[in-house]
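First the structure, in the form of structure tokens, and then the observations on it.
The values are calculated or read from the model by the stated rules, or taken from the named source; none is laboratory data. On a predicted model such as this, the values are computed, not experimentally measured, just so you know. Neighbour counts run over all protein chains shown; Cβ positions are idealised from the backbone, glycine included. For accessibility, only protein heavy atoms count, side chains too; no ligands or nucleic acids. Shrake-Rupley method; radii C 1.70, N 1.55, O 1.52, S 1.80 Å.
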Amino acid sequence: MTGLPEHSAFRGLGLAEPLLDAVADRGYSEPTAIQVDAIPVALDGADIFGCAQTGTGKTAAFVLPMLQRLAESPEHHGTIRGLILTPTRELADQVERAVAHYGARLSLESMVVYGGVPIGAQIKDLKFGCDVLVATPGRLLDHLERRTVSLADVEVLVLDEADRMLDMGFIDDVRKIVRQTPSDRQTLLFSATMPDAILGLAHEMMRDPVSVQVGFQTAAAGITEVLHPVDYASKQALVYHLLDSWGTGPALVFTRMKSTAAYLCEFLKKKGVSVDDLHGDKGQADRTRSLTRFREGKTRVLVATNVAARGLDIVGITHVVNFDVPDDPKDYVHRVGRTARGDQTGDAVTLMSPHEVMMVREIEKLMNTPIPRAVVEGFEPAFSPEIGIRAEIPADVTPRSRLARGRRRRR
Ligand code: AMP
């Protein structure tokens with residue numbers, strides 16, 4: 001008997017007892033919508049075309065059935081039969097941790113490979129064999145070219161965050177990798193959005209996939225969103241003010257540029273905030289350290305660029321702050337999805353200065369709903385928050401005279 005509630009819907013999904021135990025260990029009592037929809041289909045052996053954003057429980061939705069299938073042929077233990085491709089190193093690490101947790105009771109081994117760290121140690125570890133390999137595309141291709149890995153026995157292939165892999169330019173690498181797996185494999189593709197290129201990829205790689213769709217394009221329930229109109233020059237001070245007013249809850253702050261992340265981190269540090277930064281200018285060891293410290297609650301605030309926006313699962317983040325409005329509206333959904341994971345709640349706060357008003361409109365168009373505005377006392381912007389036109393332009397300045405001033409300046 002597992003530690004799950006007696007009437008838990010998890011029991012009706014067809015999962016084996018050791019996996020139900022592992023689910024109960026994690027503290028879950030009921031499956032999420034995508035787990036209800038995807039697990040029985042995947043256990044049946046069908047391909048899945050899943051439209052699901054992060055925060056919906058999609059990792060367990062593909063990991064659990066994959067492990068069950070692999071456990072059914074113990075004679076093959078130690079050969080790579082499950083392959084999971086993810087766009088970022090951080091997501092690869094996180095997914096592999098889930099695989100290790102769920103797979104422990106089935107004696108299935110997992111390994112993760114990604115770039116930015118020496119390849120030698122990975123080659124050595126791969127020689128010991130594993131059942132599930134989690135990888136980012138570039139480094140896996142490197143291993144395939146060196147023949148330090150074989151995908152000839154892959155039974156289940158998962159493409160996680162496929163749209164992100166597309167955005168990051170990995171799609172050709174993904175195609176090359178998929179060609180090295182057997183054509184009779186089971187393929188599970190998950191993507192938060194479904195641009196044409198992803199539909200094409202799905203058509204190429206899957207046979208009669210079953211579509212599973214959850215929470216398309218909207219922020220997960222449990223997230224309270226707000227927009228603070230503010231002048232750009234006041235943003236740093238406003239972030240500090242907000243963090244201070246929230247007490248001690250862990251907060252993730254997103255900036256567009258690496259330099260802004262580093263600068264804001266320094267500013268907050270000087271103010272006495274426990275803070276670290278995470279962006280592409282830092283080495284992999286540094287990135288992992290920052291993330292681990294944040295995950296373990298040793299730092300309260302993490303200032304990050306988009307490297308941390310997708311897929312990262314850190315339980316208990318109470319606030320996400322968009323220091324800059326993301327220029328790709330899809331990134332907004334990913335960023336705010338870092339809070340209110342699973343059945344928790346959280347706040348997503350976006351700071352909007354005048355040049356970002358149009359980007360906010362694009363986000364609202366994508367989500368099909370406006371984000372409530374609230375001006376913070378003491379940080380009133382010098383522009384009208386509703387329409388985004390600077391209010392301090394004197395009324396007597398006509399468009400013609402503004403143009404003339406502009407010309408004069410250019411000379
Ligand atoms: P994911 O979308 O896979 O990144 O999962 C998002 C969050 O939901 C993670 O913190 C999971 O641990 C959590 N989670 C996944 N499945 C469940 C469940 N059935 N009940 C509660 N939380 C869950």
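See the values below:
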| item | result |
| --- | --- |
| Pairs with Cβ under 7 Å, 6+ apart, first in segment 26-53 and under 24 Å from GLY222 (Cα atoms), second aromatic (Phe, Trp, Tyr) and open to solvent by 50 Å² or more (accessible area, probe 1.4 Å) | CYS51/PHE216 |
| Number of positions in segment 183-199 that are among the charged types (D, E, K, R) and over 21 Å from GLY82 (Cα atoms) | 1 |
| Some residue of segment 368-377 being on the phi > 0 side of the Ramachandran plot and modelled with pLDDT under 85 | yes |
| Positions within segment 360-385 being free of Cβ contacts under 8 Å to residues at least 60 places away in the same chain and under 26 Å from the mean Cα position of the chain (by Cα), in sequence order | ARG361, GLU362, ILE363, GLU364, LYS365, PRO370 |
| Residue that is within 16 Å of the ligand (Cβ to nearest atom) and among the aromatic types (Phe, Trp, Tyr), where the choices are TYR102, TYR114 | TYR102 |
| Residues of segment 256-270 that turn out to be closer than 29 Å to PRO118 by Cα, open to solvent by 50 Å² or more (accessible area, probe 1.4 Å) and not basic (Lys, Arg), as a count | 2 |
| Exclusive hit being crowded, with 16+ Cβ neighbours inside 10 Å and closer than 21 Å to VAL214 by Cα, set VAL253, VAL301, VAL273, VAL333 | VAL333 |
| Filter result for ASP343 (within 16 Å of the ligand (Cβ to nearest atom) and either at pLDDT below 75 or more than 29 Å from the chain's Cα centre (by Cα) (or both)) | yes |
| Residue within segment 282-298 that is within 21 Å of LYS235 (Cβ to Cβ) and either in contact with a helix residue (DSSP H, G or I) (Cβ under 8 Å, 6 or more places away or on another chain) or buried (at least 18 other Cβ atoms within 10 Å of the Cβ) (or both) present | no |
| Of all residues making up segment 1-15, the number that are open to solvent by less than 40 Å² (accessible area, probe 1.4 Å) and at pLDDT 90 or above | 3 |
| Residues located in segment 19-32, provided they are within 10 Å of the ligand (Cβ to nearest atom) and either crowded, with 16+ Cβ neighbours inside 10 Å or closer than 18 Å to LEU67 by Cα (or both) | VAL23, ARG26, TYR28, PRO31, THR32 |
| Segment 33-47 - residue that is more than 10 Å from the ligand (Cβ to nearest atom) and open to solvent by 40 Å² or more (accessible area, probe 1.4 Å) and, of those, nearest to LEU70 (Cα to Cα) | LEU43 |
| Residue pairs meeting the criteria (Cβ under 6 Å; at least 6 apart or on separate chains; first modelled with pLDDT of 95 or more, in segment 132-149; second among the small types (Gly, Ala, Ser)) | VAL132/GLY82; VAL132/SER110; VAL134/ALA92; THR136/ALA92; GLY138/GLY115; ARG139/GLY115 |
| Hey, LEU15 within 13 Å of the ligand (Cβ to nearest atom), in the same structural domain as VAL210 (by TED's automatic domain parsing), assigned to a helix (DSSP H, G or I) and not charged (D, E, K, R) or not | no |
